[in-house]
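Undergrad: What follows is a single structure, and I will ask about it in a moment.
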Amino acid sequence: MHRALGTAVEEVAGSIKPRATVACVVPSYNEAETIASVLDALLVQTRLPDVIHVVVNNTTDETVEIASHYAGQHLMERPEGTQLVEIFVHDIGENPDKKVGALNYGFFLAEGCDYIIGVDGDTTPEPTAVKDLVDEITSDDRIGGISAIYSIDDSALPTTMAKFLTAGQRAQFAAFNMQNLLRGRNMAVLGGQFSIFATQALRDVMTQTHQRAPWVKDSEVEDSLLSLQIKSAGYLTKISATARAHVGGMNTLRSLDAQQVKWNFGAIELMWPGQRGDTKGQPFHPNLRLRWFEHMSMVLNIITRLMFFSLLLASLSIHAFVFSPWWLVPPVVAILLNYRVARSMHYGHRRDILFAVLLLPAEIYMWIRIGHFLRAWTKFASRKQTDNWAAQAKAERGSGNSYLYPFAIALLGFVAAAAVWFQVPIDLQSSILAVGWPILGVITVAQTFWMGIKILRNYRGYTV
């Protein structure tokens, strides 16, 4: 009897898993306006992290002073009982590795924990976000990291331009997140805004790649590179089905351009065969398949838009324009797709719906994205060494005019094309139009068909 009782006790004890330990690392650069909101959001989590390390770097504002008010132990009552979290604030001063250096500093402070959550200094998670991420990653030892579902915070926007750009970014993030959710929740990029990592997976990456730390400054997109390395180490990279976080958006054309060019440039470096510096391109990596698709889609969007406006203006110039009702089909299908995406937003509202159904705002935002895309590829092709991190920081301070280059080049290109067009004989002009319109028609039919498939796709109850 005693032996049977002892066996039963051992079985019960063996079935009880110890509570996983979780650390949050919050790299912060000039986050005086948002750091308090971030820490408040972490302190109201239903499952508190065990420790929070705020790593302040290169800051020139009051981030350290504000964060220091939160330093120390916090006992919080929860339905499951009292939980304890301790907050540490580290001012590491001038740091040449910027965010990467801050993340690695935090990693070595927290590597004794089972899991590490990276939290941007302007990201506020939903109250259940930490619990949701921990529950998901502890459910399967194969998972190396999970990203939250991100939505752009659209509260307290100062200008009409900020509202427009934020609506565009919200639609862009929503479409991207839904695409990943429907791909078996496989996530190519564990975004630094709010993602959880298994500490063992980070250690394995360091061993496999001979790195001294998980994050490296070799890439413009340190989170994408680390995600690739985690996948290559044999782990899964996922997007959460339920954990949500609200991230700060870019409120000006200048800052949005700098951010998107950096992201696109970093993605191109990872996609391109060969090696530049210490970053080796991995064009066939599974995590980059969606990236290739996105870039090919953008190329197709550029071709169709340039062809349409060129052919339309050329036809009008020689009075050869003939309207067809069939031309209304692609815009209508595009509106329906944009509306479907807007309706999938967990916190969508009237501004998101209007952005989708009015079409013109979404079209203007697409042209802005085209400018970012072309700037990134031009910078990559030039092989000019530039610090895109510094460029983004400069743009967010309101400096720099690089964001105007695509508009200036487009204007010059239009003037040059018009000058050449009017030198072409009328017979050749007619022949060009006779060939150009059917080619555009075939491409547009294919694009419209693909949009129709995406409209009819089952979202399986997911919201973004």
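Undergrad: Tell me which residues, restricted to segment 151-184, are of a type outside the set (S, T, N, Q), surrounded by 22 or more Cβ atoms within 10 Å (Cβ to Cβ) and within 22 Å of Gly121 (Cβ to Cβ).
TA: Leu165, Arg170
Undergrad: Follow-up. Looking at segment 318-334 only, could you name the residues that are touching a helix residue (DSSP H, G or I) at 6+ places or on another chain (Cβ under 7 Å) and surrounded by fewer than 16 Cβ atoms within 10 Å (Cβ to Cβ)?
TA: Our first condition is that a residue be touching a helix residue (DSSP H, G or I) at 6+ places or on another chain (Cβ under 7 Å); within segment 318-334, this holds for 318, 320-321, 329-330, 333-334.
Matches in segment 318-334: Ile318, Ala320, Phe321, Val329.
Undergrad: Given the condition more than 25 Å from Tyr115 (Cβ to Cβ), at pLDDT 95 or above, of a type in the set (Val, Ile, Thr) and surrounded by 17 or more Cβ atoms within 10 Å (Cβ to Cβ), answer yes or no: does some residue in segment 185-202 qualify? Before you say what the answer is, go through the steps one by one.
TA: First, the residues of segment 185-202 that are more than 25 Å from Tyr115 (Cβ to Cβ): none.
The answer is no, given that none of the residues of segment 185-202 is more than 25 Å from Tyr115 (Cβ to Cβ), at pLDDT 95 or above, of a type in the set (Val, Ile, Thr) and surrounded by 17 or more Cβ atoms within 10 Å (Cβ to Cβ).
Undergrad: If Leu404 passes every condition in (1) of a type outside the set (Ser, Thr, Tyr); (2) over 30 Å from Asn180 (Cα atoms); (3) modelled with pLDDT of 85 or more but one, which one does it miss?
TA: If we test Leu404 against (1) of a type outside the set (Ser, Thr, Tyr); (2) over 30 Å from Asn180 (Cα atoms); (3) modelled with pLDDT of 85 or more, just (3) comes out false.
Undergrad: Test Lys394 against the criterion of being modelled with pLDDT under 95, surrounded by fewer than 18 Cβ atoms within 10 Å (Cβ to Cβ) and assigned to a helix (DSSP H, G or I), and give yes or no.
TA: In short, yes.
Undergrad: Within segment 406-449, which residues are among the hydrophobic types (A, V, I, L, M, F, W, C) and within 28 Å of Leu256 (Cα to Cα)? Break it down stepwise before answering.
TA: Of segment 406-449, the ones among the hydrophobic types (A, V, I, L, M, F, W, C) are 407-412, 414-422, 424, 426, 428, 432-435, 437, 439-440, 442-443, 445-446, 449.
Phe407, Ala408, Ile409, Ala410, Leu411, Leu412, Phe414, Val415, listed by residue number.
Undergrad: From the residues in segment 292-312 that are within 15 Å of Ile432 (Cβ to Cβ) and touching a residue at least 60 places away in the same chain (Cβ under 8 Å), which one is farthest from the chain's Cα centre (by Cα)?
TA: Within segment 292-312, the subset within 15 Å of Ile432 (Cβ to Cβ) is 306-312.
Those left that are additionally touching a residue at least 60 places away in the same chain (Cβ under 8 Å): 307-308, 310-311.
On the way: Met307: 30, Phe308: 30, Ser310: 33, Leu311: 35 Å.
Here the residue is Leu311.
Undergrad: Scan segment 19-26 and tell me whether some residue there is surrounded by 20 or more Cβ atoms within 10 Å (Cβ to Cβ) and among the charged types (D, E, K, R).
TA: Within segment 19-26, the subset surrounded by 20 or more Cβ atoms within 10 Å (Cβ to Cβ) is 22-26.
Now narrow it down to the ones that are among the charged types (D, E, K, R): none.
No, there is no match, as no residue in segment 19-26 is surrounded by 20 or more Cβ atoms within 10 Å (Cβ to Cβ) and among the charged types (D, E, K, R).
Undergrad: Residues of segment 229-280 being of a type in the set (Phe, Trp, Tyr) and either more than 22 Å from Asp122 (Cα to Cα) or surrounded by 22 or more Cβ atoms within 10 Å (Cβ to Cβ) (or both), which ones? Spell out how you get there, then give the answer.
TA: So in segment 229-280, the residues of a type in the set (Phe, Trp, Tyr) come out as 235, 263, 265, 272.
Listed by number, the residues that qualify are Tyr235, Phe265, Trp272.
Undergrad: Ala156: among the hydrophobic types (A, V, I, L, M, F, W, C), modelled with pLDDT under 95 and within 30 Å of Glu363 (Cβ to Cβ), yes or no?
TA: Working: among the hydrophobic types (A, V, I, L, M, F, W, C): yes; modelled with pLDDT under 95: yes; within 30 Å of Glu363 (Cβ to Cβ): yes.
Yes.
Undergrad: I need the full set of residues from segment 349-368 which are of a type outside the set (A, V, I, L, M, F, W, C) and either over 22 Å from Met307 (Cα atoms) or buried (at least 18 other Cβ atoms within 10 Å of the Cβ) (or both), in order please.
TA: Our first condition is that a residue be of a type outside the set (A, V, I, L, M, F, W, C); within segment 349-368, this holds for 349-352, 361, 363, 365.
His349, Arg350, Arg351, Asp352, Pro361, Tyr365 - these are the residues of segment 349-368 that are of a type outside the set (A, V, I, L, M, F, W, C) and either over 22 Å from Met307 (Cα atoms) or buried (at least 18 other Cβ atoms within 10 Å of the Cβ) (or both).
Undergrad: Being under 19 Å from Ala23 (Cα atoms) and not polar (S, T, N, Q) is the filter; apply it to segment 52-68 and report the residue that is surrounded by the most Cβ atoms within 10 Å (Cβ to Cβ).
TA: Val54
Undergrad: Scan segment 344-363 and report the pairs whose first residue is among the basic types (Lys, Arg) and whose second residue is surrounded by 14 or more Cβ atoms within 10 Å (Cβ to Cβ) and not in a loop (DSSP other than H, G, I, E, B), with Cβ atoms within less than 6 Å and a gap of 6+ or a chain change.
TA: Arg351/Ala167
Undergrad: Just the residues that are within 26 Å of the chain's Cα centre (by Cα) and assigned to a strand (DSSP E or B), please, taken from segment 82-129.
TA: Filtering segment 82-129 down to residues within 26 Å of the chain's Cα centre (by Cα) leaves 95-108, 110-111, 114-129.
The answer is Tyr115, Ile116, Ile117, Gly118, Val119, Thr124, Pro125.
Undergrad: Could you go through segment 89-100 and let me know if any residue there is within 18 Å of Thr242 (Cβ to Cβ), in the same structural domain as Gln169 (by TED's automatic domain parsing) and surrounded by fewer than 18 Cβ atoms within 10 Å (Cβ to Cβ). Spell out how you get there, then give the answer.
TA: The first filter runs over segment 89-100 and keeps only residues within 18 Å of Thr242 (Cβ to Cβ), leaving none.
Scanning segment 89-100, I find no residue that is within 18 Å of Thr242 (Cβ to Cβ), in the same structural domain as Gln169 (by TED's automatic domain parsing) and surrounded by fewer than 18 Cβ atoms within 10 Å (Cβ to Cβ), so the answer is no.
Undergrad: Out of all the residues in segment 170-198, which are touching an Asp or Glu at 6+ places or on another chain (Cβ under 9 Å), in contact (Cβ under 8 Å) with a residue 40 or more places away in the chain and closer than 30 Å to Val54 by Cβ?
TA: Scanning segment 170-198 gives Arg170, Ala174, Val189, Leu190, Gly191, Gly192, Gln193, Phe194, Ser195, Ile196, Ala198.
Undergrad: Considering segment 1-45 alone, what residues qualify as being modelled with pLDDT of 95 or more and part of a helix (DSSP H, G or I)?
TA: Ile35, Ala36, Ser37, Val38, Leu39, Asp40, Ala41, Leu42, Leu43
Undergrad: How do the helices (runs of 4 or more DSSP H) wholly within segment 239-346 filter down when requiring 1 or more residues that are over 18 Å from Ile368 (Cβ atoms) and of a type in the set (Val, Ile, Thr): which remain? Spell out how you get there, then give the answer.
TA: Numbers: elements: 253-271, 289-317, 329-343.
In segment 239-346, the matching helices (runs of 4 or more DSSP H) lie at 253-271, 329-343.
Undergrad: Is it the case that some residue within segment 114-122 is surrounded by fewer than 16 Cβ atoms within 10 Å (Cβ to Cβ) and assigned by TED's automatic domain parsing to the domain that holds Ala148? First the steps, then the outcome.
TA: Kept after step one, since they are surrounded by fewer than 16 Cβ atoms within 10 Å (Cβ to Cβ), are these residues of segment 114-122: none.
For segment 114-122, residues surrounded by fewer than 16 Cβ atoms within 10 Å (Cβ to Cβ) and assigned by TED's automatic domain parsing to the domain that holds Ala148: absent.
Undergrad: Is there a residue being under 16 Å from the mean Cα position of the chain (by Cα), touching a residue at least 12 places away in the same chain (Cβ under 8 Å) and either crowded, with 22+ Cβ neighbours inside 10 Å or not in a loop (DSSP other than H, G, I, E, B) (or both) anywhere in segment 130-144? Spell out how you get there, then give the answer.
TA: Start the filter on segment 130-144 by keeping residues that are under 16 Å from the mean Cα position of the chain (by Cα), which leaves none.
No, segment 130-144 contains no residue that is under 16 Å from the mean Cα position of the chain (by Cα), touching a residue at least 12 places away in the same chain (Cβ under 8 Å) and either crowded, with 22+ Cβ neighbours inside 10 Å or not in a loop (DSSP other than H, G, I, E, B) (or both).
Undergrad: What pairs come up if the first residue lies in segment 321-340 and is under 23 Å from Ala356 (Cβ atoms) and in the same structural domain as Ala446 (by TED's automatic domain parsing), the second is in a helix (DSSP H, G or I) and among the polar types (S, T, N, Q), and their beta carbons are under 8 Å apart, counting only those six or more places apart or on different chains?
TA: As it stands, the answer is Val329/Thr448; Pro330/Thr444; Pro330/Gln447; Pro330/Thr448; Val333/Thr448, since those pairs meet every condition given.
Undergrad: Go through Val424, Val464, Val435 for me and flag whichever is part of a helix (DSSP H, G or I) and not hydroxyl-bearing (Ser, Thr, Tyr). Quick ask: steps written out before the conclusion?
TA: Details: Val424 fails: part of a helix (DSSP H, G or I); Val464 fails: part of a helix (DSSP H, G or I).
None of the other options fit; the residue is Val435.
The values are calculated or read from the model by the stated rules, or taken from the named source; none is laboratory data. Every value quoted in this text rests on a predicted model; they were computed, and no experiment measured them. Cβ coordinates were reconstructed from backbone atoms using ideal geometry, including for glycine residues, and neighbour counts include every protein chain displayed.
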